[in-house]
Protein chains: 4
Amino acid sequence: MRFFSDNAAPVHPAVMDAIAAANTLDTAYDGDAWSKQLDARFSDLFETDVRVLWVPTGTAANCLALTALCPPHGGIICHREAHIQVDEAGAPEFYTHGAKLLLADGDGAKLTPDTIRAVTDAIRADVHQVQPHAISITNATEYGLVYSPEQVGAIGDIARERGLGLHMDGARFANAVAHLGCSPADVTWRAGVDALSFGFVKNGGMSAEALVFFRTELSPPILYRRKRAGLLFSKGRYLAAQLLAMLDDDVWLANGRASNAGARALAQAAGDRLVHPVEANEVFLRITADEAARLRAAGFDFYDWGVGEARLVISWNQTADDIAPLARAIAAL
Amino acid sequence: MRFFSDNAAPVHPAVMDAIAAANTLDTAYDGDAWSKQLDARFSDLFETDVRVLWVPTGTAANCLALTALCPPHGGIICHREAHIQVDEAGAPEFYTHGAKLLLADGDGAKLTPDTIRAVTDAIRADVHQVQPHAISITNATEYGLVYSPEQVGAIGDIARERGLGLHMDGARFANAVAHLGCSPADVTWRAGVDALSFGFVKNGGMSAEALVFFRTELSPPILYRRKRAGLLFSKGRYLAAQLLAMLDDDVWLANGRASNAGARALAQAAGDRLVHPVEANEVFLRITADEAARLRAAGFDFYDWGVGEARLVISWNQTADDIAPLARAIAAL
Amino acid sequence: MRFFSDNAAPVHPAVMDAIAAANTLDTAYDGDAWSKQLDARFSDLFETDVRVLWVPTGTAANCLALTALCPPHGGIICHREAHIQVDEAGAPEFYTHGAKLLLADGDGAKLTPDTIRAVTDAIRADVHQVQPHAISITNATEYGLVYSPEQVGAIGDIARERGLGLHMDGARFANAVAHLGCSPADVTWRAGVDALSFGFVKNGGMSAEALVFFRTELSPPILYRRKRAGLLFSKGRYLAAQLLAMLDDDVWLANGRASNAGARALAQAAGDRLVHPVEANEVFLRITADEAARLRAAGFDFYDWGVGEARLVISWNQTADDIAPLARAIAAL
Amino acid sequence: MRFFSDNAAPVHPAVMDAIAAANTLDTAYDGDAWSKQLDARFSDLFETDVRVLWVPTGTAANCLALTALCPPHGGIICHREAHIQVDEAGAPEFYTHGAKLLLADGDGAKLTPDTIRAVTDAIRADVHQVQPHAISITNATEYGLVYSPEQVGAIGDIARERGLGLHMDGARFANAVAHLGCSPADVTWRAGVDALSFGFVKNGGMSAEALVFFRTELSPPILYRRKRAGLLFSKGRYLAAQLLAMLDDDVWLANGRASNAGARALAQAAGDRLVHPVEANEVFLRITADEAARLRAAGFDFYDWGVGEARLVISWNQTADDIAPLARAIAAL
């Protein structure tokens, strides 16, 4: 069984069906019937007027969003273990033309008002130092922690107070919302978020993420930037259709709940081994090399996380029956 | 009937089937079973050892290729009506970090040794002027003309002689090869091409193009650049599967032949109206505004090309029966 | 005698004296007593509130100005023989992060409303094409022609009408003003110019140009960009002192008049040989290779301008006595 | 008395004289008689064949050097308090087109093989992470510590072993060499350094630094990059003349010795207050806000360094008599 990454999972049947249903002639790029529905459908979901661009990857969504919030000579405050810092191969620097990631601390890759202020307070307001223009947070974080609406709101307050944009990397936004049980609006624009990378690929999609602008005036130049980055698919309808299928019947939320539930089951089995509270679909365990080897020998696949830790990720399609053997194996270590 | 763009066409059934067949758990990014076959399969096709990267768009393929051939301070010779110059929103400048497109002339968007030399000869070899580092040609061209192996070879000779890289934008490479009836190798590496953007989306694919490096040493940094551009799909197998399906049974070539045949049928009907010889799947007509309106009223859709011209593009799935009514309508104008 | 370039001339004594007088301890960067006077002194000269940054080269001034007026995904309309296009090694693309120069025509490197509109009208307003964001004109032009206030104003009207910024490359601004006999304000902000590269180096300075922002809100980010480009000298007072010395007693204008006068003298001698009217300090002659060789044999140095033409540039320090022998030699050809 | 920065000091008389002596007509850019001597003169100094480019600022020198050693998608290992990281406004990211600074630790801003390996060992060799391509060290460091030839050599060994370029930011290289008493070669190319930013401005120059390439093949593209950055002065002779004047009679070394001596005198007075050993011309003191206020009241100017510390910098022209009153005041605190 694979607990390596939610990226490895197959695509949800509703998404496959939607792709098949989109297989007719239509206008190229984003002029098709599917793409044209996105603004309205996501505006409904978020209970406010939003602008939405499909893009194929989370990295693309994140970086286009950052481009909207930070000039080339500016800086973006993020956690030092944020995906944009450690796992996107310098894509933020590429897209923003060299903006600097200003690294902040926080348990479980979670920023706090204090860790953000520690960064801003250390920067002299002169031309010799890169000035912050935006903050980027990941919800759920890279360690599976979830920011509550209040926690996002506290960061949103700092952003407003200092004139900074606020971006949320929601590669696992569905897991966050599933955990919180709140409206998607509560943990985004109502809490001060300007732009959201709303992830679908890890959650049952094939190749479509939604870049959501709550400040709608940010969107027009990004349409040019998307094309300029080679991201404007000529047959965009196959991306839009994926997003719409995920919104229909709240598939996105159901999938987020499912993978969260699997992670909770593992967490229960793991007990003291947990490195972080399990709030989304990722479980980080303290584990010896020998124990890891035994799990692998038993057929479970996962990612070593430095020395003495392992990361296990539950996918949208893994059932309680899929999880149970691993839970037992962990409990038995 | 739509003759607007081959981008609007649906996806070939074999590609749809391949996508469905890829819908299982596998390694993320390009570590899956499909992606791993690409080098070998394209090496077979091209009769030489090549490296292949899937990318989602032709713009991405072109720009990554140019990045491999030209430093930020260099220049790329291309036709002044090349797609990279007029229809990619500045993507080449974005990817290459500001390299300059050096614009050359030629009928039907086709470069010749003479028009290339006219550009190079006008550049002083001093630090005040951007020096050429690469040439990019489009085959078939933006006006549906095809470079023969000899014509590419003559440009390849200039490239070698002056130390320039040679890129081919093959958004409609299938149409070119179908027209030429040669081996794909003859019109690419054997003629001096270093990197090819091998287009599949216009030819029946959904969202996968192949960036082919004939100089294999160019490929490793581009793997980083692809990721850095947000183009490394987490579920890359759905792209690789498309490419493999197009290679199987030479679907790519059959589709290229089909759309070429449709264009030839139109060309016959168009007679003196043709602006360019029809060698691929595009037909450019001289047509008055009134005539264009009559065609549209009859249900035919196409692109106005400046004043007094129209562009009609045949898609892989348009049959002789689809073409015939338009051919008749044109003949009857 | 050298008529190769005004870049080769020595530095005016007043500038040398000012540099020597600045040789005391003062605050670093632009916090010194000299730098702090620039805004006020140039505001006086231009009869409006301006912001001024010293920079060491015209290329730097031009490119920082363009950065203020055009985003990375935008385009800048300029003449196809503009210095920024042909002689700055791609610096505009570097500074603007890949903005595209959109090339327009016009006699003597001079744009007109018509040639500008020919560019803008050919651009589709969609995301596939780079949209113009700014216009850049050179006054005096690369061929020594001068835009009048009315001519600049007509371009300023287009800029305002289409929401484009307007930059003036004034590498030889002194020559233009000397020719026009107008207020510097008339040919800049009153005619719609947003930013001016006010050149001093060709006109008797050593290493300081003034980047003048008439739209003062453009200036703050450019202070960061100047530092980020490695252009913020730690001992900036030696640049500021040069600019102040050139403004004192209108040395800049006297020098411009002097070199214009020299060019006029040559022009009179040249008669029918003139390729362009002589309005500044540059003279372009029709001349055979044999004639050019004879002039050189007589000790006159100049630049071949393609085949059959020569460029002669008069420097601020060349007197009537310096010019006379060359004028005689030309007349005698 | 100012102990704020060596950037605030006046220019050495020999440099002023050289500038005055260069005030004649000569070839523009770097074709003049002074610029042409640089390679030979610095090759003599470094006892090997080098290529030298004048540039106006240390930031420009550093960034052009990094551009030669690291592609846009690469990373540069430097200290987290390196000037390139904290005081150059993102210039390295601008020049390198977004390369990432990979931050390492070390006392007094000094890297060690261990702190470098801590960075490299934490980077997975896959396309998701930015790979190191270069190391940059500052000698003397930002805290006035000096790397010995052995210490540089140990870092050079790592660089060679891992295929990384090695850059030395020598903004205070003269102070380092003066402290070491070694040949400039010993602490640079003999120890594995590929490119050196050899600083002169802090040490008595006006506006010229030397970018020295020990790997001469790195230099040609950087000539283009220098122009492309707007750094190619049209009257370059005034920069070259400064460098030559500093090399004549080893003015550079004498000045370095002088400011080092001043710092040592202060260090002796400071005793236990020293935060770092004093090896160059910078002195970091532990000092209360009250004590700092008393020093300032007594007429001494300096930089607060965070809370409870002060930075005092000695300039090349400050004599023992200039230093003595401050030394007494510190001793008396």
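The values are calculated or read from the model by the stated rules, or taken from the named source; none is laboratory data. Worth saying up front: this structure is predicted, and the values here are computed from it rather than measured. No Cβ is skipped: glycine too gets one built from the backbone with ideal geometry, and neighbour counts run over all protein chains shown.
Of all residues in segment C:108-127, those satisfying the criterion of being closer than 28 Å to B:H73 by Cα and assigned to a helix (DSSP H, G or I) are C:G108, C:A109, C:I116, C:V119, C:T120. Just give me the residues in segment D:7-28 being within 9 Å of chain C (Cβ to nearest Cβ), part of a loop (DSSP other than H, G, I, E, B) and either over 13 Å from C:A20 (Cα atoms) or touching a helix residue (DSSP H, G or I) at 6+ places or on another chain (Cβ under 7 Å) (or both), in sequence order. D:N7, D:A8, D:A9, D:A22, D:N23, D:T24, D:L25, D:D26, D:T27, D:A28 - these are the residues of segment D:7-28 that are within 9 Å of chain C (Cβ to nearest Cβ), part of a loop (DSSP other than H, G, I, E, B) and either over 13 Å from C:A20 (Cα atoms) or touching a helix residue (DSSP H, G or I) at 6+ places or on another chain (Cβ under 7 Å) (or both). The set of residues in segment B:33-48 being assigned to a helix (DSSP H, G or I) and of a type in the set (G, A, S) consists of B:S35, B:A40, B:S43. Among the residues of segment A:128-147, those identified as in a loop (DSSP other than H, G, I, E, B) and either away from every other protein chain (no Cβ under 14 Å) or more than 11 Å from the chain's Cα centre (by Cα) (or both) are A:H128, A:Q129, A:V130, A:Q131, A:N139, A:A140, A:T141, A:Y143, A:G144, A:L145, A:V146, A:Y147.
Looking at the structure I just gave you, is A:A134 within 23 Å of A:L312 (Cα to Cα), among the small types (G, A, S) and either crowded, with 24+ Cβ neighbours inside 10 Å or free of Cβ contacts under 8 Å to residues at least 12 places away in the same chain (or both)? Criteria not met by A:A134.
Looking across segment B:1-26, the residues that are crowded, with 18+ Cβ neighbours inside 10 Å and β-branched (V, I, T) come down to B:V11, B:V15, B:I19. Residues in segment A:194-230 that are assigned to a helix (DSSP H, G or I) and of a type outside the set (A, V, I, L, M, F, W, C): A:K202, A:N203, A:T216, A:E217, A:S219, A:P220, A:P221, A:Y224, A:R225, A:R226, A:K227, A:R228.
Among the residues of segment B:187-226, count how many are among the polar types (S, T, N, Q) and without any contact (Cβ under 8 Å) to a residue 12 or more places away in the chain. Give the derivation first.
The initial filter retains those residues of segment B:187-226 that are among the polar types (S, T, N, Q), namely B:188, B:197, B:203, B:207, B:216, B:219.
Next, only the ones that are without any contact (Cβ under 8 Å) to a residue 12 or more places away in the chain stay: none.
Residues that pass the stated criteria total 0.
Against the numbered list (1) crowded, with 24+ Cβ neighbours inside 10 Å; (2) within 14 Å of another protein chain (Cβ to nearest Cβ); (3) more than 29 Å from C:A240 (Cα to Cα), D:T188 comes up short only at (2). For beta carbons closer than 7 Å, sequence separation of 6+ or different chains, a first residue in segment D:97-120 that is under 22 Å from D:C63 (Cα atoms) and a second that is of a type in the set (D, E) and crowded, with 18+ Cβ neighbours inside 10 Å, the qualifying pairs are D:G98/A:E93; D:A99/D:E93; D:K100/A:E93; D:A109/D:E81; D:A109/D:E142.
Does C:G256 qualify as being buried (at least 24 other Cβ atoms within 10 Å of the Cβ), closer than 30 Å to D:Y238 by Cα and within 15 Å of the chain's Cα centre (by Cα)? Before you say what the answer is, go through the steps one by one.
On the way: buried (at least 24 other Cβ atoms within 10 Å of the Cβ): yes; closer than 30 Å to D:Y238 by Cα: yes; within 15 Å of the chain's Cα centre (by Cα): yes.
The answer is yes for C:G256.
Hey, among the residues in segment D:110-131 that are surrounded by fewer than 18 Cβ atoms within 10 Å (Cβ to Cβ) and of a type in the set (K, R), which one's farthest from D:G170 (Cα to Cα)? If we take residues in segment D:110-131 being surrounded by fewer than 18 Cβ atoms within 10 Å (Cβ to Cβ) and of a type in the set (K, R), then D:R124 is farthest from D:G170 (Cα to Cα).
Kindly evaluate C:F42 against the criterion of being modelled with pLDDT of 95 or more, crowded, with 23+ Cβ neighbours inside 10 Å and either out of contact with any Leu (no Cβ under 7 Å at 6 or more places or on another chain) or at positive phi (or both).
Details: modelled with pLDDT of 95 or more: yes; crowded, with 23+ Cβ neighbours inside 10 Å: yes; either out of contact with any Leu (no Cβ under 7 Å at 6 or more places or on another chain) or at positive phi (or both): yes.
So C:F42 fits the description; yes.
Only one entry in A:A289, A:A280, A:A263 is surrounded by 14 or more Cβ atoms within 10 Å (Cβ to Cβ) and in contact with an Asp or Glu (Cβ under 9 Å, 6 or more places away or on another chain), namely A:A263.
Does segment A:87-107 hold any residues that are in a helix (DSSP H, G or I) and touching a strand residue (DSSP E or B) at 6+ places or on another chain (Cβ under 9 Å), and which are they?
Here is the first cut: in segment A:87-107, the residues in a helix (DSSP H, G or I) are A:91-96, A:107.
Once the filter is applied, which keeps residues that are in a helix (DSSP H, G or I) and touching a strand residue (DSSP E or B) at 6+ places or on another chain (Cβ under 9 Å), segment A:87-107 yields A:P92, A:E93, A:T96.
Taken over segment C:49-82, residues that are more than 9 Å from every other protein chain (Cβ to nearest Cβ), over 15 Å from C:P221 (Cβ atoms) and not in a strand (DSSP E or B) amount to 5. Restricting attention to segment B:88-109, the residues being crowded, with 23+ Cβ neighbours inside 10 Å and more than 14 Å from chain C (Cβ to nearest Cβ) number 1.
If only residues of segment A:222-243 that are buried (at least 24 other Cβ atoms within 10 Å of the Cβ) and aliphatic (A, V, I, L, M) are counted, the one that is farthest from the other protein chains (Cβ to nearest Cβ) is A:L243.
Within segment C:156-174, residues that are part of a helix (DSSP H, G or I) sit with their Cβ atoms under 9 Å from residues that are among the hydroxyl-bearing types (S, T, Y) and surrounded by 24 or more Cβ atoms within 10 Å (Cβ to Cβ), at 6+ positions apart or across chains, in these pairs: C:F173/C:T188; C:F173/C:S197; C:A174/C:S259. Screening segment B:29-48 for residues that are closer than 20 Å to A:P56 by Cβ and either facing chain A (nearest Cβ under 7 Å) or of a type outside the set (A, V, I, L, M, F, W, C) (or both) and picking the one that is nearest to the chain's Cα centre (by Cα) gives B:S35. Look at (1) touching a helix residue (DSSP H, G or I) at 6+ places or on another chain (Cβ under 7 Å); (2) under 20 Å from D:R2 (Cβ atoms); (3) among the aromatic types (F, W, Y) and you find that D:F284 fails only one, number (1).
With respect to the conditions (1) surrounded by fewer than 24 Cβ atoms within 10 Å (Cβ to Cβ); (2) away from every other protein chain (no Cβ under 11 Å); (3) farther than 24 Å from A:T141 by Cβ, A:C182 lacks only one, and its number is (3).
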